[in-house]
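Chemist: Please see the structure below; I have some questions.
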Amino acid sequence: MAGHSKWANIRHRKNAQDTKRGKIFTKIIKEITVASRIGGEDVDANPRLRKAVSNAQSNNMPLENIKRAIQKGTGELDGVSYEEITYEGYGPGGVAILIDVITDNRNRTVADVRSILTKYNGSMGENGSVSWMFKRRGLIILDRTDSDEKTFFNIVMDSGADDFEVNEKNYFVFTDPGIVMDVREFLVSEGCVVNSAAIEMIPNSYQKVSMEDGYEFQKLMYLLDDNADVNRIYSNFDLEG
């Protein structure tokens, strides 16, 4: 069950290391608004909202901003109407890419995404062209400790998780998407140090590319990541050798 994981090297999710504070807040507010619109304002009953609020708090977003975003999502306050779209495409070397966006103007966003892909030898794909290469799963990343791996295995199995992998620094726990936050809370209660917990699109296999294509791919990722409408990016990228 446990094995070496490439996941830490191929993930391209949005993260809180962005130096532009305003852009971070914009992305988080969009996520909170959409999460509360879809699942309601109760954080305990809405795992996606719980994750978004936790992200907002870790980025020191004022509580009032969080509250307003939730109220806009539920319709209590007027606000911009956002929609979620997933674009599919290819990057350098034939890497498959899924791009989740939250936008108030799909024409603007699709033009931006297409332009970025084209600039770095990529292309937009049709719906379903690459999504079949991924599986939707919950993913929890934890610090690897000196504790016995068998003990950790037993904790993971008691948590309701499906599987786990390991590398030199981390454990990667995979779950059904609907219970990822519940599993996270169980692991924390057992003394595990959790770095992140989210629903991800995990590639079924990886596309190996040359160093040259890998360099172009990283530049592509940076540009997509910098776009204000892009929420998450997934790929099956891996380097040769």
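The values are calculated or read from the model by the stated rules, or taken from the named source; none is laboratory data. The structure displayed is predicted, hence computed values, not measured ones. Counting neighbours? That spans all protein chains shown, and the Cβs are built from the backbone with ideal geometry, glycine included.
Chemist: List the pairs whose first member sits in the stretch 169-190 and is free of Cβ contacts under 8 Å to residues at least 40 places away in the same chain, whose second member is assigned to a helix (DSSP H, G or I) and surrounded by 15 or more Cβ atoms within 10 Å (Cβ to Cβ), and whose Cβ atoms are under 6 Å apart, counting only residues at least 6 apart or on separate chains?
Modeler: Listed by first residue and then by second, the contacts come to V173/V156; T175/V183; F186/S159; E190/I155.
Chemist: Here's a follow-up. Can you confirm whether the stretch 222-231 contains a residue that is surrounded by fewer than 19 Cβ atoms within 10 Å (Cβ to Cβ), acidic (D, E) and on the phi < 0 side of the Ramachandran plot?
Modeler: Checking the stretch 222-231: at least one residue is surrounded by fewer than 19 Cβ atoms within 10 Å (Cβ to Cβ), acidic (D, E) and on the phi < 0 side of the Ramachandran plot.
Chemist: Looking only at residues in the stretch 199-212 that are crowded, with 17+ Cβ neighbours inside 10 Å and touching a Phe, Trp or Tyr at 6+ places or on another chain (Cβ under 9 Å), which one is farthest from N121 (Cα to Cα)?
Modeler: E200
Chemist: Answer yes or no: is there a residue in the stretch 221-234 that is closer than 17 Å to G94 by Cβ, of a type in the set (S, T, N, Q) and not in a helix (DSSP H, G or I).
Modeler: For the stretch 221-234, residues closer than 17 Å to G94 by Cβ, of a type in the set (S, T, N, Q) and not in a helix (DSSP H, G or I): absent.
Chemist: With respect to V209, determine if the residue is touching a residue at least 12 places away in the same chain (Cβ under 8 Å), in the same structural domain as I99 (by TED's automatic domain parsing) and over 22 Å from the mean Cα position of the chain (by Cα).
Modeler: On the way: touching a residue at least 12 places away in the same chain (Cβ under 8 Å): yes; in the same structural domain as I99 (by TED's automatic domain parsing): yes; over 22 Å from the mean Cα position of the chain (by Cα): yes.
Yes; evaluated as a whole, the condition is true for this residue.
Chemist: Further question on the same structure: Give the residues of the stretch 150-175 that are assigned to a loop (DSSP other than H, G, I, E, B) and either within 19 Å of K135 (Cβ to Cβ) or aromatic (F, W, Y) (or both), sorted by residue number.
Modeler: G160, A161, D162
Chemist: Still on this model: Going residue by residue through the stretch 81-90, is there one that turns out to be at pLDDT below 95 and among the small types (G, A, S)?
Modeler: yes
Chemist: Output the strands (runs of 3 or more DSSP E) that fall wholly within the stretch 58-149 and possess 1 or more residues being surrounded by fewer than 16 Cβ atoms within 10 Å (Cβ to Cβ) and either in contact (Cβ under 8 Å) with a residue 24 or more places away in the chain or not charged (D, E, K, R) (or both), or say none.
Modeler: In the stretch 58-149, the matching strands (runs of 3 or more DSSP E) lie at 83-90, 134-143.
Chemist: Just checking, which of I179, I199, I155, I116 is of a type in the set (A, V, I, L, M), at pLDDT below 95 and under 29 Å from G94 (Cβ atoms)? Break it down into steps so the answer makes sense when it comes.
Modeler: Numbers: I179 fails: under 29 Å from G94 (Cβ atoms); I155 fails: under 29 Å from G94 (Cβ atoms); I116 fails: at pLDDT below 95.
Among I179, I199, I155, I116, only I199 is of a type in the set (A, V, I, L, M), at pLDDT below 95 and under 29 Å from G94 (Cβ atoms).
Chemist: Looking at the stretch 26-43, is at least one residue among the polar types (S, T, N, Q), surrounded by 20 or more Cβ atoms within 10 Å (Cβ to Cβ) and within 20 Å of the chain's Cα centre (by Cα)?
Modeler: yes
Chemist: Give the stretch 44-93 a look and list any residue that's over 15 Å from the mean Cα position of the chain (by Cα) and among the basic types (K, R), or say none.
Modeler: K67, R68, K72
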